[in-house]
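One structure is given here, and the rest of the page talks about it.
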Amino acid sequence: MAPTLYDEKPKLGDLIEIFRGTYQHWAVYVGDGYVVHLAPPSEVADASSSSLMSVLTERAFVKKEQLWDVVGTNQWKINNILDGDYKPRPAEVIVKEACALVGEELPYCVFRGNCEHFVNELRYGKAESRQVNKAGEVAMAAGMATVVGLGVVALAGILFGGKKREDKSTQ
């Protein structure tokens, strides 16, 4: 089970991953029970699939809210998973920059500028989203499977379709 506030208290600058069912929402811990996060208009606690509407939005707001208000009844964990790939910026810098952005309206794109990109940019100076990378890998694998499948169908058509023509010509 992932750590929560019941077991481990987040530290300044920690990234919080919130499990919304089909996707994860991300926030950065800024102290005193508050997080800062990039929230499209449809992003609310316990939103689950209704927040998939965020795919259609082009703008989002930077909000500072109580962690529990953002989490709602969803599962969550502290997740600084990119610490092994990048050196985190100093916590004071992360918190100062996050808080300075509160109230701002920013461009939003689920593929190029979502809440995970936002928090990783604050913590590491790198706007990355593992969700998007993972979804891209799945889509690429599905695309490759489709191409291979179509190739097999075409090959079968050539091999077995030619036989039918030969049979018809001999009748």
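Read-outs: derived from the displayed coordinates by stated rules, not from any lab. Just so it is clear, the structure is predicted and the values come from calculations on it, not from any experiment. Counting neighbours? That spans all protein chains shown, and the Cβs are built from the backbone with ideal geometry, glycine included.
Rounded to a whole number of µm²/s, how large is the Stokes-Einstein D of the stretch 15-128 at 37 °C and 0.692 mPa s, given Rh as the Kirkwood radius over C-alpha pairs? Result for D is 236 µm²/s. Once the Cβ-Cβ distance between residue 105 and residue 66 is put in as r, and R0 is 25 Å, what FRET efficiency do you end up with, to the nearest 0.05? Once the sixth-power term is evaluated, E becomes 0.70. When the listed pairs 9/126; 63/96; 64/87 are checked against a 20 Å cut-off, the alpha-carbon distance exceeds it for 9/126; 64/87.
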